[in-house]
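Colleague: Okay, here's the structure, questions in a sec.
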Amino acid sequence: MNQPTPHAEPIDPKLFRQLLGCFPTGVAVITTRTPDGTPVGLTCNSFSSVSLEPPLVLFSLRKASSLLGTFVEADSFAINILSQSQDQLSGRFASSRIADKFEGVAWRPGPLGTPLVDDCLASFECRVHARHEAGDHEIFIGEVKHMRSGCADHALVFYKGAYMMLAESLRQRVLEGQLGTVDIDEAYRALYGKLLRLACERATPEEVDAIEAAVEEIEQHQGADALPRRIEATARFFSSISLAGHNEALRLMAQTMTTVLRERMTHVIPVRPRPDVFPLRRKVVQCLRARDAEGAVAALDELITMLRRDGAAQAEEAAETAPVEH
């Protein structure tokens, strides 16, 4: 006996969009160049991996987009995955009111010449592999030719029409002062002490080079207006140590501690240039190269002690000079 065909209700576009928003997605800025070499880009959350062999990725672009013709003509494009601290950048590249999206944005050309945005989580530079028409969108498939990792922040996530930070609850605890300084210091000493010991056993020379490069970057960004760069370089210093330890579970814990570090340096503790602690970070690197675990851990302990002592003194001084309400 034939079963009756179920009646198909027409799809409500508004509900369709709303329900699609229940699936959290990362946020990326897709970039390319016009025929005259001008960098252009747009915000996108339709990025997806396609294949490992060959390495293929895709994104889709509305046919109504003013940049459709530019991307159709281009033979390459780049995917720049945004961090949770780059929500303003996401809004900038999504705005139709901003003519020059790259004005004031730090970027550099990749090996294929496509614009790679600074301080992203990761960037993929692609040659166009295929293009397909699909409804009101055009699907671009690219073969990854070059890629690079970036900052150690958490990803910017789009969920139900709004940005969501994966570490939002932790961030709130930091901003509200619910995580004590002593507890944080103990966590840093325990976690990174273990990671330094592992790094002395497992780190490659290139991984130690990456830690040293972060140290050099910290030392270069010491002006008052260079605080954001110094914070990112400090985060990179600790994340490079976590990578050199080659322990995935500890690396994930270190990502959480990096979030704590970034939020405290940005919003909680007074931060000033500290050239007096430069030798301690250098000593960490020297001990890693010498495979001296005890020396590396001791240098880190002293670094944490000196930074915390100075932070406490600055906080006390600020409290003493603050105006008193009557």
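Colleague: Give the angle, between 0 and 90 degrees and rounded to the nearest 10, that separates the Cα long axis of helix 181-202 from the longest principal axis of the Cα atoms of the chain.
Modeller: Here the helix axis deviates by roughly 80 degrees.
Colleague: What number in nm² do you get for the chain if you take the convex hull of its Cα atoms and divide its surface by four?
Modeller: Hull-based average projected area comes out at 25.0 nm².
Colleague: I'd like the distance separating the alpha-carbon centroids of the range 186-209 and the range 239-288, in whole Å.
Modeller: 11
Colleague: Further question on the same structure: Please list 40-52, 227-239 highest first by mean number of surrounding beta-carbon atoms within 10 Å per residue.
Modeller: Those peptides, ordered most packed to least, come out 227-239, 40-52.
Colleague: Straight-line reach from LYS63: which aspartates and glutamates have a Cα under 20 Å away, not including same-chain ones fewer than 8 places off?
Modeller: Qualifying aspartates and glutamates at Cα under 20 Å: GLU73, ASP75, GLU133, ASP136, GLU138.
Colleague: Now a separate question. Of PHE77, HIS267, GLY223, whose Cα points farthest to the positive end of the dipole of the chain (charges on the beta-carbon: +1 Lys, Arg; -1 Asp, Glu; origin at the Cα centre)?
Modeller: PHE77
Colleague: Still on this structure: Accessible area per residue, 1.4 Å probe, Å², for the chain: what's the number?
Modeller: Normalised by residue count, the accessible surface of the chain is 55 Å².
Colleague: Right, something else. Carbon and sulfur together cover what percent of the accessible area of the chain at a 1.4 Å probe radius?
Modeller: C and S atoms contribute 55 percent here.
Colleague: A further question follows. Note the angle between two axes, namely the Cα long axis of helix 278-289 and the longest principal axis of the Cα atoms of the chain, as a number of degrees from 0 to 90, rounded to the nearest 10.
Modeller: Rounded to the nearest ten degrees, it is 70.
The values are calculated or read from the model by the stated rules, or taken from the named source; none is laboratory data. The model shown is predicted, which means the values in this text are computed figures rather than measured ones. No Cβ is skipped: glycine too gets one built from the backbone with ideal geometry, and neighbour counts run over all protein chains shown. To get the accessible areas, we keep the full protein, side chains included, count just its heavy atoms, and leave off ligands, DNA and RNA. Shrake-Rupley method; radii C 1.70, N 1.55, O 1.52, S 1.80 Å.
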